[in-house]
Structures are given as structure tokens and as C-alpha cells.
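Below: the structure, in C-alpha cells.
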Amino acid sequence: MRRKVLDVAEDAFQARGYHASSLGDLMAAAGVSAGALHHHFPTKKALALAVIDERVAAAVEETWIAPVQAAASARDGVRQVFEAVAAELERQGFVRGCPLNNLAHELSLADPEFRIALAGIFAAWRQAIADKISADQQEGREQGTDPRQFAMVAVAAYSGAMSMAKAAQDASPLRDCLAAFESAAQAASSQGDPGARRRRRVLRRYGGI
């Protein structure tokens, strides 16, 4: 029964938001009594925190962290996630948005416990990408890339793209933001690459730039 309540709450918070989802609506959808609901979740806030900790965190792990960790490189992982999410949104024909993003916008100023829980998921997401960049560097790649900055921009680009996709009900912002992110990330990496800097100096000296 606890799982059923979490399923219903997760779907309702994603579709309508936390504030627009009453406990009565959630109980009716889950087919449980008030006593049964309160046995597992004494308050609506407790239910929301469980959704954040158990469902939203798991969604970020499944959608982002695991694929990036399994990818050949951080860049490949980021590209694959953007492309997979865009393809899925195009297939389903509507955009609800990123569940973490949606709740962060709605709840971060409502209660410090919500804010801390949501910020923790963002931090774990960024750390996983940064760790992958660090692993790439140990293999001789991404020598000019700052892992934390790369991770911050990747998460920000995806979060912004999902917000725009939700507002437009169109997945194209994901593809557009991926192209812009890859271009900017590659340029930043080249700026920090000593070999690239030497090549630019040579080109300038001989009129190539």
C-alpha cells in the first residue's frame, strides 16, 4: 500500500504540482483510507519528502547518473541522455518537465526541508558528472576541462531546456541546448588545452586566424 500511495503522489505532483494535489484526491486515487495513509505518511509534507527521496532521486539516478557512469566518456553520456529524453518526449507527444526541476521551482522557498532534499539531488547529479570528467582526465582526455564547471553547465543546460520544452510542449529545446552546450564545452576545453593554445599562437603568427 505504501508503494501505491507513492505511485499516486509521484504522478500527481508531476502532473499538477504539490500544492494542487490534496490529500483527499491522493487517497481517492490510491484507494486508501485516511488512517491507512497517515499510518505510512503522517503529513502531506512527509509524503512529499518520501516522493523526493525515493522517487525523484531514483529518477535522476536512472535517467542521468547511471547512463553517464556507463558511457564511454562524460560528453558521450551527456549527449546520450539529452538525445534519449528528447526522443522519448517526441514519442509520447507531451512534456511534463523534469520532476526535480518542477518540485524545485514549486517547493524550494516553501520549506527548508524541501529545499535541502532537492538541493541534495542536484548536488549528487552534478557530482556524478564531475566524477566522470575526472575519470576521463585520468585516461588522458578532457585535460582542459574543469569537472565542476562542466557538470554545473550540463545540469543547468538540461534543466533550462526541460523548462522551455514544458512551456512550449515541444522537445526541440533539448536538441538545441545540447548543440549549444557541446559547442561551448568544446570551446572551453580547447581554451584550457596547452596544445590548442600553441596551435592558435602559430595560426595567429602566420595569418591563419
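The values are calculated or read from the model by the stated rules, or taken from the named source; none is laboratory data. Predicted model only: the values in this text are computed from it and were never measured. No Cβ is skipped: glycine too gets one built from the backbone with ideal geometry, and neighbour counts run over all protein chains shown.
Summary table below
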read-out	value
Among (1) over 22 Å from Leu109 (Cβ atoms); (2) part of a helix (DSSP H, G or I); (3) in the same structural domain as Leu174 (by TED's automatic domain parsing), the one test that Val56 misses	(1)
Any hit, segment 25-41, residues being closer than 18 Å to Asp111 by Cα and out of contact with any Asp or Glu (no Cβ under 6 Å at 6 or more places or on another chain)	yes
Only one of Ala135, Ala165, Ala180, Ala171 that is at pLDDT below 95, hydrophobic (A, V, I, L, M, F, W, C) and under 19 Å from Gln80 (Cα atoms)	Ala180
Residue list for segment 72-100, restricted to those being surrounded by 20 or more Cβ atoms within 10 Å (Cβ to Cβ) and part of a helix (DSSP H, G or I)	Ala74, Arg75, Gly77, Val78, Val81, Phe82, Val85, Ala86, Leu89, Pro99, Leu100
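One line per residue, one yes/no per condition, for (1) without any contact (Cβ under 8 Å) to a residue 60 or more places away in the chain; (2) under 15 Å from the mean Cα position of the chain (by Cα):
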residue	(1), (2)
Asn102	no, yes
Leu107	no, no
Arg115	yes, no
Ala123	yes, yes
Ala130	yes, yes
Ser134	yes, no
Gly140	yes, no
Gln143	yes, no
